[in-house]
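Derivation of every value follows stated rules applied to the coordinates shown; laboratory data play no part. Keep in mind that this is a model prediction, so the values were computed, not measured. Methodologically, a virtual Cβ is constructed for each residue, glycine included, from the backbone with ideal geometry; neighbour enumeration extends over all protein chains shown.
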Amino acid sequence: MQHATHFATDPSEDSWVNEGLSEVAAELAGFARSATSAFVLAPATSLTAWAQDISISTANYGAVNLFFAFLATHYGGNEILTTIAREQKDGIASVDASLASMGFAETANDVYADWLVANYLSTDEGPYRYDGHDVPPVKNLYRRAPDSRTSNVRSYGAEYLVTSTGSGRMAVSF
C-alpha cells in the first residue's frame, strides 16, 4: 500500500527511499521483517544503489529498513517518514529537504555517518540506538598488523575493520 500511496505523491522517488519507507510501513502494520540479518552480514551493501539481481537484494531491504528506522528513531518518528514521502526531491536530496523542513541541522550524510556507528555499536541506548529494533552488530573484518589489503566498497556502503597494532603505528590510506 505504501508503494501506491508514495507513487501518487512522488512518482520519481529513488527506489531505495521508496523501498525503505515500505519496509518501515510493513513493520508499523505488524509484519515482521527478516532482511536485517542479511544486511548485517553484508555491510558493504550500498544504501542507495539497489541490486539489480533480485536474488542478492535481500541485504538492500535490510539496509533501507534499518536506515529509515534509525532516521525515525532520532529525527521525528513517523513525521519524518511522511515528510520524505511527500517531498518532491528524490533520494538524498529528499532526506536533506525533509530534515531541514522539520528544523534539523543535520543532513542525510550526517545521519548516514551516525547510522554506520549505530550498526557497529548495536547499543540499546543513547544516540546510536534503534527504537523497537534488536539489531545484531554488523560483521567485522578482523586483521592483524602488519597487513596490507585492497578492497572496494560501493558508495553508501561500509566496511568495518578491527585491527590491533600492539604498541606500533598504523597507517591507513584511502
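Between beta-carbons, use under 13 Å as the cut-off and find the net charge around residue 72, counting Lys and Arg +1, Asp and Glu -1.
Numbers: positive: 129; negative: 23, 27, 79, 131.
Overall, the nearby charge balance is -3.
If we count other beta carbons within 10 Å of each Cβ, what is the order of 81, 41, fewest first? Present the calculation step by step, with values, prior to reporting the outcome.
Numbers: 81 22, 41 14.
So the ranking, lowest neighbour count to highest, is 41, 81.
Show me, for the stretch 41-55, the HN-Hα J-couplings you get by feeding each phi into the Karplus relation (A = 6.51, B = -1.76, C = 1.60, θ = phi - 60°), rounded to Hz, glycine and proline as x.
Couplings: 7, 9, x, 6, 4, 5, 5, 9, 9, 6, 5, 6, 8, 4, 5 Hz.
So if I restrict to the alpha-carbon atoms in the stretch 2-121, what is the Rg, and what is Dmax, the biggest pairwise distance, in Å?
Every Cα atom of the stretch 2-121 included, Rg and Dmax give 13.3, 39 Å.
Within 10 Å of each residue's Cβ, count the other Cβ atoms and sort 80, 92, 54 from fewest upward. Each step should come with its number before you reach the end.
Details: 80 22, 92 18, 54 8.
Ranking 80, 92, 54 by Cβ neighbours within 10 Å, fewest first, gives 54, 92, 80.
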